[in-house]
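Q: Supplied in structure tokens, the structure appears directly below.
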Amino acid sequence: MADQEGWNVVSITQTTESRLPDKSALLTGAGKLTASLGVIATTLFGLLVITFVIGRMVPADPVIAVIGDQADQVTYDRVYKEMGLDQPLYVQFGTYLGDVARLDFGQSHITKNPVASDLARVFPATLELATLATLIGAGFGVPLGVVAAVRKGTWVDHVARVVGLLGYSTPIFWLGTIVILVFYATLGWIPGGGRVDIYNEGLVNGPTNSLIVDALLAGEWEVFWSALHHVAAPAIILGYAAMAYLSRMSRSFMLEQLRQEYILTARAKGLGQRPIVWRHAFRNIRVQLLTVVALAYCGLLDGTVLIETVFSWPGLGQYLTSALFFADMNAVLGSVLFIGLISIAINLLSDIVYRFIDPRTRSS
Amino acid sequence: MTNAHIFALASATALSLFAAPFASAATPADQLVLASNMSSMRGLDPHELNQLESAEVVANLYERLVVLAADKMSEPEPGLAESWIVSPDGKTFTFKIRSGVTFHSGNDLTARDVEWSLRRLVKLGLAPSTDLRQWGFSAENVDTLIRATDDATLVIETPEVWNANLILFSLASFSTSILDSAFLADKAKDGDMGRAYLQTADAGSGPYALRSWRSNELLIADAFKNYWQGAPAMRRVLIRHMPESSAQRLQIEAGDIDVATRLSSTDLNALDTGDKVTIQKTPGFGFYYLALNQKDEILSKPKVREAFRYLIDYDGLAGTVMKFYGVKQQTIIPAGLPGASGENPYTLNIDKAKALLAEAGYPDGFSKVYYATPVTPEYEVAQSLAANAAKAGIKLDLQGGDHIGKFRARDFQLFSARSGERLPDPHAVLNSYATNADNADAAKLTGLLAWRSAWDVPEEIQTMVTAAAHETDPSKRSDLYTKINAAYLEASPALITSFQRTDAKAVRNVVKGYIGHATWLTRWDTVTKAE
């Protein structure tokens, strides 16, 4: 096969190059690494600057959020100073940057915990929800998109497009509310909210803060099933939204491939439909798919605020929203920085995976 | 594995999530489950927090010298103090501390702990310290004025003579909770008197001990087995963070939670029609008020202020928006307190308002910016007022948002919100609404609503408020408050009250003994369940 042969050639070239690195290649590699780190640092710095400035423009008064609106001026002035707000803005920002460099994100004015420890607690909740949602979205969305493309114009394609359109156009908080109303309040099939049943609260603590993982590690099967059952509805709703996006993208990518000449050649050679679709066309959309799946995953990890609110899910989205409402700037800045890091990490991971699934990317 | 297999596996996994066994919904018979919006909880240090949800937790983790029963607020009862004596001059309070009380740590509670705790409150100087500082205690004098003479005796001297109830009520507030001084000595860092530690932990002797608190998620408190009054019936209390009112409503209907709080008017109405839940309305010592900035030339005219009183639809709001959130009240002393009056002379009367505006020299009305808190029911009340004002020719540019900072800085024209005091005494409300010792901007008496409104409160009223606070004769004091109430009503005040606040909670009928407390001290140890 032409495409298969092409892959092999690139792969062999890459292997040879990697065995015999010359000095200039190493220098180029070091330069690229430095450039990449520079881009990452600039991105994170930009994020912090923008968030810091916007945070100062928000009309909410962080001091009143802490002491209450009836406090007298003496108390106000005291807490104002304690929070470092008496310093010029550039000093406040400089101090914060210095702390961040020492991996100290400061203390949340709301929770009174170090922001890093708050993030370590809330992020696993979002991680397990987002991961499950992405698995559901990709597991259903990609095959659906591929099948819709292959059977373009048939009822399968129409169904896939309607499902996708509904997923795109239905507000997720509304869907969440309806699911709770029907499956929780009326049918009693799903739990109403939270990460685990009341009976199981506090039975499993750490080490990962992902209840599903921790319950498995501790062998607490009742907690495990309870956690799984609680995550099901929000994960399926988020997964449905992801599925809508991924099925549309998969369909589009696949249609483009199916129009290529090598597919015509394969058909002319008498190759069956299944190998044409899955062994040839699908292999060529994997990089694009990986990109959109990574983007969808990033979006979910950023905090699925609405679903977390509807399902009382104590994740990153809810944490960040509360922090914004109460002008808890340490928590806001820490969360934004953390989200930035996560996005960068997922993008880097995608880049690495590209190299495994597409040999053409290795030479660059 | 083929793609078809992967697809099938993904389907099976998703379906199995729904097929997982689901435990029964009802809350356990020996556990109390509360739902709350925990976003505004700011730590659990009794000497630092100033917020209702945290206060309820602290009320059950700690104890105080004096107790105010929810249904008999005016009569202080013994708490950690077995008894007390007030000296004939009214300035010295001697408390006999109860023996046999232990902290959650196992340490015995003594008068030394009480001394250390009350001094700590004053010395930290944070928001709740007002509860003692307003009577003249300061970081400089507290070591002299509050002292343990032995392990069982605590003496408190007040710098001036105050009505004894004011001091006792303060000693019943969550802010005067007694802490385990020996335990906290080990936890203190950089001389912070255990402040950092107490944000997320407890050092009390109350009927419940904090087991865990994950902010904005869950709080668990376990019954304290060695509690001196006996272990409570509910062996555990859980508070779940549920910011969505509709989610709370569905869960209380399903029996997943026992008490729902901060519900919307719609959800309260819906629950009120069912038979599984009772809506509990606890009157609070505060009001829904409209503040008119007296630095504004137009708003400072008494007839204009009077006109606004005729633009509020008291009866219409009482039956709708305010059904669960307040009780109509136009006078300044909350119902149930000495001097309170049932008099509500004002009704919505656009023509009367127009006539008053014409008399004030504004027959064609005027335009002003109106800040209102964008939450239920404050915003709906503001919208109603703006609509009625428009009929009288006053154009109010209603702006939602967080404008409390501007109100504190006197940088507003009209502002409306809700207030809440924690002392079950007229003085608490009057001190804020009807005293303003120095109306200059530089005075920065930002804790007083009257100062924020730049209202130069009539001298006669201020004198009476001060006299009543010092008056020790209950009868004379009650008479004074009656006079103040009438004088305030007649003064065309810059702070117009329309409803006394009530805090509504939905409680499952199987829950007994959960009684909302007007000073935020709702107890859990009185709760039982009758399944």
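The values are calculated or read from the model by the stated rules, or taken from the named source; none is laboratory data. What you see is a predicted model; the values in this text were computed from it and never measured. A quick note on method: Cβ atoms are made from the backbone with ideal geometry, for glycine too, and the neighbour counts reach across all protein chains shown.
Q: Determine whether the stretch B:286-308 contains at least one residue that is crowded, with 18+ Cβ neighbours inside 10 Å, within 14 Å of another protein chain (Cβ to nearest Cβ) and hydrophobic (A, V, I, L, M, F, W, C).
A: There is at least one residue in the stretch B:286-308 that is crowded, with 18+ Cβ neighbours inside 10 Å, within 14 Å of another protein chain (Cβ to nearest Cβ) and hydrophobic (A, V, I, L, M, F, W, C).
One line per residue, one yes/no per condition, for (1) more than 13 Å from chain B (Cβ to nearest Cβ); (2) of a type in the set (Ser, Thr, Tyr); (3) in a helix (DSSP H, G or I):
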| site | (1), (2), (3) |
| --- | --- |
| A:VAL287 | yes, no, yes |
| A:TYR297 | yes, yes, yes |
| A:TRP313 | no, no, no |
| A:GLY334 | yes, no, yes |
| A:ALA345 | yes, no, yes |
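Q: A further question follows. When the stretch A:315-332 is examined, which residues are found to be modelled with pLDDT under 90, in a loop (DSSP other than H, G, I, E, B) and not charged (D, E, K, R)?
A: Once the filter is applied, which keeps residues that are modelled with pLDDT under 90, in a loop (DSSP other than H, G, I, E, B) and not charged (D, E, K, R), the stretch A:315-332 yields A:PHE326, A:ALA327.
Q: Applying the selection to the stretch A:259-280, what residues are part of a helix (DSSP H, G or I) and either within 12 Å of chain B (Cβ to nearest Cβ) or surrounded by fewer than 17 Cβ atoms within 10 Å (Cβ to Cβ) (or both)?
A: Within the stretch A:259-280, A:GLU261, A:LEU264, A:THR265, A:ARG267, A:ALA268, A:GLN273, A:ARG274, A:PRO275, A:VAL277, A:TRP278, A:ARG279 meet the criteria.
Q: If A:GLY164 passes every condition in (1) modelled with pLDDT of 90 or more; (2) surrounded by 22 or more Cβ atoms within 10 Å (Cβ to Cβ) but one, which one does it miss?
A: Result: A:GLY164 fails condition (1) only.
Q: For the stretch B:411-461, how many residues are away from chain A (no Cβ under 12 Å) and aliphatic (A, V, I, L, M)?
A: Result for the stretch B:411-461: 10.
Q: Looking at (1) in a loop (DSSP other than H, G, I, E, B); (2) at pLDDT 95 or above; (3) over 29 Å from B:ARG42 (Cβ atoms), which is the one condition that is false for B:GLY106?
A: Condition (3) is where B:GLY106 drops out.
Q: Shifting gears a bit: Pairs, please: C-beta under 9 Å, at least 6 apart or cross-chain, first residue in contact (Cβ under 8 Å) with a residue 40 or more places away in the chain and assigned by TED's automatic domain parsing to the domain that holds A:VAL310 and in the stretch A:163-177, second outside any helix (DSSP H, G or I) and charged (D, E, K, R)?
A: These pairs meet every condition: A:THR177/B:GLU244.
Q: Collect the residues in the stretch B:373-410 that are part of a strand (DSSP E or B) and more than 14 Å from chain A (Cβ to nearest Cβ), keeping them in residue-number order.
A: Hits for the stretch B:373-410 are B:LYS395, B:LEU396, B:ASP397, B:LEU398.
Q: Where residues in the stretch B:210-239 are facing chain A (nearest Cβ under 9 Å), part of a strand (DSSP E or B) and touching a helix residue (DSSP H, G or I) at 6+ places or on another chain (Cβ under 8 Å), which of them is surrounded by the fewest Cβ atoms within 10 Å (Cβ to Cβ)?
A: It comes out as B:ARG214.
Q: Conditions: (1) over 18 Å from B:TYR227 (Cβ atoms); (2) within 21 Å of the chain's Cα centre (by Cα). B:SER83 meets all but one. Number of the miss?
A: (2)
Q: Let me ask you something else. Out of everything in the stretch B:191-207 that is within 14 Å of chain A (Cβ to nearest Cβ) and touching a Phe, Trp or Tyr at 6+ places or on another chain (Cβ under 9 Å), what residue ends up being surrounded by the fewest Cβ atoms within 10 Å (Cβ to Cβ)?
A: B:THR200
Q: Let me spell it out: the conditions are (1) at pLDDT 85 or above; (2) among the aromatic types (Phe, Trp, Tyr); (3) assigned to a helix (DSSP H, G or I), and A:PHE105 meets all of them except one. Which number is the exception?
A: Among (1) at pLDDT 85 or above; (2) among the aromatic types (Phe, Trp, Tyr); (3) assigned to a helix (DSSP H, G or I), the lone unmet condition for A:PHE105 is (3).
Q: Being of a type in the set (Lys, Arg), within 13 Å of another protein chain (Cβ to nearest Cβ), surrounded by fewer than 22 Cβ atoms within 10 Å (Cβ to Cβ) and in contact with a Leu (Cβ under 8 Å, 6 or more places away or on another chain), is that true of even one residue in the stretch B:248-262?
A: no
Q: Among the residues of the stretch B:112-135, write down those that are part of a loop (DSSP other than H, G, I, E, B) and at pLDDT 95 or above.
A: B:TRP135, the sole residue that qualifies.
Q: Could you tell me which of the residues B:TYR488, B:TYR514 is under 27 Å from B:THR130 (Cα atoms) and among the aromatic types (Phe, Trp, Tyr)?
A: Of B:TYR488, B:TYR514, the one residue that is under 27 Å from B:THR130 (Cα atoms) and among the aromatic types (Phe, Trp, Tyr) is B:TYR488.
Q: Considering only residues that are more than 9 Å from chain B (Cβ to nearest Cβ) and surrounded by fewer than 22 Cβ atoms within 10 Å (Cβ to Cβ), which ones fall in the stretch A:214-231?
A: A:ASP214, A:LEU216, A:LEU217, A:ALA218, A:GLY219, A:GLU220, A:TRP221
This table checks each residue for (1) assigned to a helix (DSSP H, G or I); (2) in contact with a Phe, Trp or Tyr (Cβ under 7 Å, 6 or more places away or on another chain).
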| residue | (1), (2) |
| --- | --- |
| A:PHE140 | yes, no |
| A:GLY153 | no, no |
| A:ASP157 | yes, no |
| A:ARG161 | yes, no |
| A:LEU165 | yes, no |
| A:VAL179 | yes, no |
| A:VAL182 | yes, no |
| A:TRP189 | no, yes |
| A:GLY192 | no, yes |
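Q: Of the residues in the stretch A:53-79, how many are within 22 Å of B:SER39 (Cβ to Cβ) and assigned to a helix (DSSP H, G or I)?
A: 13
Q: A further question follows. With the requirement that a residue be under 30 Å from A:LEU217 (Cβ atoms), over 28 Å from the mean Cα position of the chain (by Cα) and more than 7 Å from every other protein chain (Cβ to nearest Cβ), what does the stretch A:176-199 give you?
A: Those that are under 30 Å from A:LEU217 (Cβ atoms), over 28 Å from the mean Cα position of the chain (by Cα) and more than 7 Å from every other protein chain (Cβ to nearest Cβ): none in the stretch A:176-199.
Q: Would you mind stating whether B:ALA468 is within 27 Å of B:ALA353 (Cβ to Cβ) and more than 12 Å from every other protein chain (Cβ to nearest Cβ)?
A: no
Q: Regarding B:ALA270, is this residue in contact with a helix residue (DSSP H, G or I) (Cβ under 8 Å, 6 or more places away or on another chain), within 17 Å of B:PRO377 (Cα to Cα), within 13 Å of chain A (Cβ to nearest Cβ) and among the aliphatic types (A, V, I, L, M)?
A: It is true that B:ALA270 is in contact with a helix residue (DSSP H, G or I) (Cβ under 8 Å, 6 or more places away or on another chain), within 17 Å of B:PRO377 (Cα to Cα), within 13 Å of chain A (Cβ to nearest Cβ) and among the aliphatic types (A, V, I, L, M).
Q: Could you check B:SER245 against (1) under 30 Å from B:ASP108 (Cβ atoms); (2) of a type outside the set (A, V, I, L, M, F, W, C); (3) in contact with a helix residue (DSSP H, G or I) (Cβ under 8 Å, 6 or more places away or on another chain) and say which number it fails?
A: Every condition holds for B:SER245 apart from (1).
Q: Could I ask something else about it? Working carefully through the options B:LYS444, B:LYS476, find the one that is without any contact (Cβ under 8 Å) to a residue 60 or more places away in the chain, touching a helix residue (DSSP H, G or I) at 6+ places or on another chain (Cβ under 7 Å), over 25 Å from B:VAL304 (Cβ atoms) and not hydrophobic (A, V, I, L, M, F, W, C).
A: B:LYS444
Q: In addition: Could you please let me know if B:LEU145 is touching a helix residue (DSSP H, G or I) at 6+ places or on another chain (Cβ under 7 Å) and at pLDDT 95 or above?
A: So B:LEU145 does not fit the description; no.
Q: Residues of the stretch A:101-139 being of a type in the set (Asp, Glu) and either touching a residue at least 40 places away in the same chain (Cβ under 8 Å) or within 12 Å of another protein chain (Cβ to nearest Cβ) (or both), which ones?
A: Result: A:ASP118, A:GLU128.
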